[in-house]
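A.B. asks: The structure follows.
The values are calculated or read from the model by the stated rules, or taken from the named source; none is laboratory data. The structure displayed is predicted, hence computed values, not measured ones. Cβ atoms come from the backbone with ideal geometry, glycine included; neighbour counts cover every protein chain shown. Ligands, DNA and RNA are excluded from the accessible area calculation, which covers all protein heavy atoms including side chains. Shrake-Rupley method; radii C 1.70, N 1.55, O 1.52, S 1.80 Å.
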Amino acid sequence: MRRLKCEKETIILTNEDDGFYDVYTFNQSLQKRLRSFAEKYPDDCWLKGSSEDGSETYMIKKGRLSLNLRPPYSKDRIHKATERIIEEQKEQSKDS
C-alpha cells in the first residue's frame with residue numbers, strides 16, 4: 001500500500017537509561033546519510049531494519065547524533081545578503 005506524504009515520518013526514540021537513539025525514517029536523504037555513517041562507524045551506528053514501504057530504522061549511539069537549532073536570520077542580515085546577490089548579478093551581467 002502506498003503511503004501519503006504526511007504518513008512518511010521520521011521518529012527519533014530514546015530513553016534516559018538507554019545509550020542509543022532509535023531513528024525510524026522514510027526520508028531518503030537522511031537514510032543515505034545514516035547508511036554512509038553506519039558504513040564508516042559500524043560500532044556506533046547500524047541498520048536495525050527496513051520495510052517494503054521504504055522506511056529504515058537505525059540504531060545510533062548517543063553523542064553521535066545532534067539537533068542543530070538555528071535562530072531565524074535578522075532583517076538586517078537578509079537585507080545585506082539580498083544587496084550582495086543583486087550586486088553579484090549586476091557584475092555577472094556586465095561580464096556577459
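A.B. asks: Any chance the range 47-63 includes a residue that's assigned to a helix (DSSP H, G or I), open to solvent by 100 Å² or more (accessible area, probe 1.4 Å), under 18 Å from residue 9 (Cβ atoms) and out of contact with any strand residue (DSSP E or B) (no Cβ under 7 Å at 6 or more places or on another chain)?
C.D. replies: no
A.B. asks: Within the range 13-32, how many residues turn out to be exposed (fewer than 13 other Cβ atoms within 10 Å of the Cβ) and within 18 Å of residue 63 (Cβ to Cβ)?
C.D. replies: Going through the range 13-32 one residue at a time, the tally reaches 6.
A.B. asks: Right, something else. Could you please find all residues in the range 1-44 being touching a residue at least 24 places away in the same chain (Cβ under 8 Å), farther than 12 Å from residue 64 by Cβ and part of a strand (DSSP E or B)?
C.D. replies: 12, 22, 24, 25
A.B. asks: Within the range 64-74, can one find any residue that is in contact with a strand residue (DSSP E or B) (Cβ under 6 Å, 6 or more places away or on another chain) and not acidic (Asp, Glu)? Give the derivation first.
C.D. replies: So the first thing to find is which residues in the range 64-74 are in contact with a strand residue (DSSP E or B) (Cβ under 6 Å, 6 or more places away or on another chain), and the list is 65.
Okay, now just the ones that are also not acidic (Asp, Glu), so 65.
Yes, the conditions are met somewhere in the range 64-74.
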